[in-house]
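The values are calculated or read from the model by the stated rules, or taken from the named source; none is laboratory data. If you're wondering where the values come from, they're calculated on a predicted model, not measured in any experiment. Backbone-built Cβ (ideal geometry, glycine too); neighbour counts: all protein chains shown. Surface accessibility is based on the protein's heavy atoms, side chains included, excluding ligands, DNA and RNA. Shrake-Rupley method; radii C 1.70, N 1.55, O 1.52, S 1.80 Å.
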Amino acid sequence: MFDYTEAFSRNIGWVTETEQEVLRSKRIALAGMGGVGAQYLLTLTRLGIGRFNISDFDIYELANFNRQAGATMSHLHHPKVQVMADMALDINPELDLRRFPDGVCTENVNEFLMDVDLYIDTIDFFALDVRRAVFAACAEKRIPAITVAPIGMGAALLAFLPGKMTFEEYFRMEGQPEDEQLLRFLLGLSPARLQMPYVVDDTRVDLSAHKVPSTPMGCELCAGVAATNALKILLNRGDVIAAPRGLHFDAYRNKLKQTWRPWGNHNPIQQLGLKIARRRFSENLARSGAEAKAAPASPLE
């Protein structure tokens with residue numbers, strides 16, 4: 001027989017019994033059940049969060065196996081939102097779960113954020129239009145919103161809190177073409193760029209093809225950082241690092257860096273970083289094009 005108090009009793013000591021009941025009453029929105037979203041749902045469920053709005057329109061594929069908590073042979077080709085809902089309910093069968101199996105879009109963002117106390121960004125890296133719409137709605141509704149990016153073998157945190165710098169004010173994507181938006185998002189997430197010294201093949205960072213490498217360690221580190229900041233926000237205790245401040249921890253390099261970028265991507269340091277990133281991106285495109293031309297013709301052509 002399930003008993004909430006007993007199931008999460010080992011949290012007590014780090015939170016009080018009263019705070020545990022507060023967490024039980026809170027609702028968190030997670031707009032994606034992929035690499036970080038699935039880990040967040042399970043970690044937050046074990047923290048004792050009692051209510052979630054979760055979304056995803058995708059199914060599990062073999063390419064998900066290196067990082068996604070629900071990606072197993074028994075779940076291959078199954079809907080991610082259903083698999084992860086079942087896994088969370090297996091931890092806490094009393095969960096109040098609202099499911100959005102068609103994903104989040106501009107038409108349902110208000111319903112997705114209904115009754116939400118905190119939004120944690122779990123949208124696919126390349127889905128910038130939807131991401132911007134959700135963060136804009138959070139700012140309008142004064143819902144705190146955080147994003148923790150799995151960068152290499154580390155985690156990079158940004159928090160956008162009511163009354164403080166917004167997502168758009170930080171990333172400055174309005175009116176920019178997609179490639180520029182992607183560069184601004186990537187560099188804005190990790191201005192310290194702690195991951196760069198151990199990239200062994202930067203051609204695998206292919207923004208134009210919507211493919212970037214990932215690690216399971218990055219996703220799991222993000223879950224710890226996201227859940228810790230969720231606890232601080234929901235219980236209103238502890239320092240939350242809010243944009244334009246950020247935090248980047250890289251386990252591979254044993255480094256922790258607090259970042260500060262006033263004006264976000266309009267900061268002169270960020271502008272220089274973006275200039276370098278644009279040149280590197282153009283060189284990678286040119287190299288990829290040259291390699292494609294030099295490749296022997298396929299016997300099927």
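Taking the convex hull of the alpha carbon atoms in the chain, what volume per residue do you get, in Å³?
Spelled out: Cα convex hull of the chain, divided by residues, is 154 Å³.
Note that region 229-242 has calculated 3J(HN,Hα) couplings of 6, 4, 4, 5, 5, 6, 9, 6, 8, x, 7, 9, 6, 9 Hz, one per residue in order, obtained from phi through the Karplus relation 6.51 cos²θ - 1.76 cosθ + 1.60 (θ = phi - 60°); glycine and proline are x. One quarter of the surface of the convex hull around the alpha-carbon atoms of region 106-182 equals 5.5 nm², the direction-averaged projected area.
With angles folded into 0 to 90 degrees, how steeply does helix 80-91 sit against the dominant principal axis of the chain? Use alpha carbons for both and round to 10. It works out to around 30 degrees. Couplings for region 16-27, taken from phi via the Karplus curve 6.51 cos²θ - 1.76 cosθ + 1.60 with θ = phi - 60°, read 7, 4, 5, 5, 4, 5, 5, 4, 4, 8, 8, 10 Hz in order; Gly and Pro are left as x. Taking the C-alpha atoms only, the angle from helix 178-189 to the longest principal axis of the chain is near 60 degrees.
Over region 1-137, accessible surface divided per residue gives 47 Å², non-protein components excluded, 1.4 Å probe.
What is the magnitude of the charge dipole of the chain about its Cα centre, with +1 placed on the Cβ of each Lys and Arg, -1 on the Cβ of each Asp and Glu, and no other charges, expressed in debye to the nearest 20?
On the way: 33 positive and 36 negative charges, 254 e Å.
My answer is approximately 1220 debye.
Hey, any idea what % of the chain's accessible area is carbon plus sulfur with a 1.4 Å probe?
C and S fraction of accessible area: 54 percent.
A cut-off of 5 Å between modelled amide H atoms, ignoring neighbours fewer than 5 places along the same chain, links K211 with D206. Close amide-amide hydrogen proximity is noted between G103 and D56, F57, each under 5 Å apart and 5 or more residues distant or on a separate chain (H modeled in the peptide plane; Pro and chain starts excluded). Summarising the label geometry, the points placed 7 Å from Cα in the beta-carbon direction at L256 and D90 lie 3.4 nm from one another. For the chain, the antiparallel share of DSSP beta bridges with both residues in that region comes to about 55%.
Across region 54-69, rounded Karplus estimates of 3J(HN,Hα) from the backbone phi angles (6.51 cos²θ - 1.76 cosθ + 1.60, θ = phi - 60°) give 10, 9, 4, 9, 9, 10, 6, 10, 4, 5, 8, 5, 6, 8, 9, 4 Hz, Gly and Pro being marked x.
Here F65 and K211 are evaluated by their C-beta separation; at R0 = 25 Å the FRET efficiency comes out at 0.95. Placing R0 at 45 angstrom, the Cβ-Cβ distance between C105 and Y198 gives a FRET efficiency of 0.75 after rounding to 0.05. Its relative contact order, with pairs defined as Cα atoms under 8 Å and 6+ residues apart, puts the chain at 18 percent.
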